[in-house]
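First up is the structure itself, then whatever we jot down about it.
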Amino acid sequence: MNTSDTTLRIAPVTRETWSDFERLFESKGGPSYCWCMAWRKTAAESKQVTRSNLKMAIAGRVDAGVPIGLLGYVDSTPVAWCSVAPRGTHSRLVNDGSSDEDRWAVTCFFISRTHRGKGIGRRMLAAAVQHAFANGAQVVRGYPVDPDSPSYKFVGFVSMFAKVGFEECGRAGSRRHVMRLSRNDA
């Protein structure tokens, strides 16, 4: 099946879609080990790292109306996740000294194994950019890796970000690239 054969509906995670987020993360192979809290944990949350505590922490953010990301659906089944949220909600991201005001970050992807290789990641990223800009972002940053990276593959690949219009603007450690797309460039 090629990319155009997959009808993908994309929606933000909210209280109303929480059960779909839960279903995706708790599905076979799903990322319930982290609940997409790797870059979001506060110092206090870092001291209590268990699956249930991470799930409660992300649920608390959703309950408070804090944006955390987007779900991708095929039919009514959640099959994809993209973390996109205001940069300031990611306390553990690279701090380059710039203001977090009007900046959003894309930090994570998960695509169900049966739906990988169909261009869903790129479509989720494009939707994440649109979502961020629609919610006041002036700049969206991502932290992807090269395909041969031995780790951090959940952050996406440089080529995918480049296809959506991101440009490299730095490095975060030895593996992650820092890429950026501004509203003016989109």
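Things to note:
- When only alpha carbons are used to place a centre, the range 166-186 and the range 51-75 end up 25 Å from one another.
- From least to most packed, judged by other beta carbons within 10 angstrom and beginning with the fewest, Y73, Y143 follow the order Y73, Y143.
- For the range 144-158 versus the range 5-21, the inter-centroid distance based on Cα atoms is 24 Å.
- ³J(HN,Hα), Karplus 6.51/-1.76/1.60, whole Hz, each residue of the range 75-80, x for Gly, Pro: 6, 9, 9, x, 10, 8
- Sequence-distant lysines (8 or more away, or on other chains) whose Cα lies within less than 27 Å of K41: K28, K55, K153
- Full-stretch length increase - R92, A64 - with 0.36 nm per residue and alpha-carbon distance subtracted: 8.1 nm
- Each residue of the range 9-15 was assigned a 3J(HN,Hα) from its phi angle through the Karplus expression (A = 6.51, B = -1.76, C = 1.60, θ = phi - 60°), giving 9, 10, 9, x, 7, 9, 4 Hz with x at Gly and Pro.
Laboratory data are not the source of any read-out in this text; all were calculated from the coordinates shown. On a predicted model such as this, the values are computed, not experimentally measured, just so you know. Cβ: placed from backbone, ideal geometry, glycine included. Neighbour counts: every protein chain shown.
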